[in-house]
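Inspection log for the structure reproduced underneath, given as structure tokens.
The values are calculated or read from the model by the stated rules, or taken from the named source; none is laboratory data. The shown structure was predicted, so the numbers you read here are calculated from the model rather than taken from an experiment. Cβ placement follows ideal geometry from the backbone for every residue including glycine, while neighbour counts extend to all protein chains displayed.
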Amino acid sequence: MPTNTFYHLPEAKRQKLIDAIRQELLRVPYEEISINKIIQNAGIPRGSFYQYFTGKNDMIQMILGDFQIKITEISKKSLQEHGGDPFTLTQDIFDLICRISERTDLFLLYHNLLGGMKVKDDRAAHLPFCLSHGKNCEWTALLNTALLDLRGESDLSDCIEILASLLKGSIVELLAEPERKAKIAVSFQNKIAILRRGMDPKQEAPTC
């Protein structure tokens, strides 16, 4: 994330820098981002840039941070409206990304930022579109665990990890190949349905 120095900038100067970063992300993919272009468009010395960010990843996390807030809001709303259903939550987050794909500038920004990565890429691990779980997760308390077949201590976190992995993979695929959105969406919905019903109808809890 940005340094404290960044947040202490005058609002107009801070916004000009954010706009310059967004402009560069709309211009080229992540791998081709030019810090020189950003500082030129922002009208700041190169040395100043590194007072605000330690590198490109800090800058990217700042851009993604606003969207993380939106994802948290949608997560809480989805769980409140659908009885804490984690499967519907996963679908709702994916649907949001599909709607973003219809907004040219915003989709291009995320496509350039994330579209060239692999699911195991470091950037994928920090996707703000993906589920997280823990004491500090705002939506955890809204989750209806009765909708999951939990049989062990780690089952809840493992279930969330499975849903997050499916969501992450589908979003990366959508960003990389937006022209296949309809097929990716159908495949995603089918996988959610399979997870909801379970793959082995004869599976029973193991006996000691």
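Are any residues in the range 58-105 more than 30 Å from Leu147 (Cα to Cα) and not in a helix (DSSP H, G or I), and if so, which ones? Result: Ser101, Glu102, Arg103. Looking across the range 62-111, the residues that are at pLDDT 90 or above and within 14 Å of the chain's Cα centre (by Cα) come down to Leu89, Thr90, Gln91, Asp92, Ile93, Phe94, Asp95.
Could you list all residues from the range 56-72 that are farther than 14 Å from Asp19 by Cα and loosely packed, with under 15 Cβ neighbours inside 10 Å? Lys56, Asn57, Gly65, Ile69, Lys70 - these are the residues of the range 56-72 that are farther than 14 Å from Asp19 by Cα and loosely packed, with under 15 Cβ neighbours inside 10 Å.
In the range 79-99, the residues that are under 28 Å from Leu109 (Cα atoms) form Cβ pairs under 6 Å with partners that are among the charged types (D, E, K, R), at six or more places apart or across chains, as follows: Phe87/Arg196. The set of residues in the range 156-200 being of a type in the set (Asp, Glu) and assigned to a helix (DSSP H, G or I) consists of Asp158, Glu161, Glu173, Glu179. Kindly establish whether Ala124 is in a helix (DSSP H, G or I), modelled with pLDDT under 90 and more than 30 Å from Ser34 (Cα to Cα). The answer is no for Ala124. Only helices (runs of 4 or more DSSP H) whose full extent lies in the range 1-45 are considered here, and the ones with at least 1 residues that are within 23 Å of the chain's Cα centre (by Cα) and surrounded by 12 or more Cβ atoms within 10 Å (Cβ to Cβ) are 11-27.
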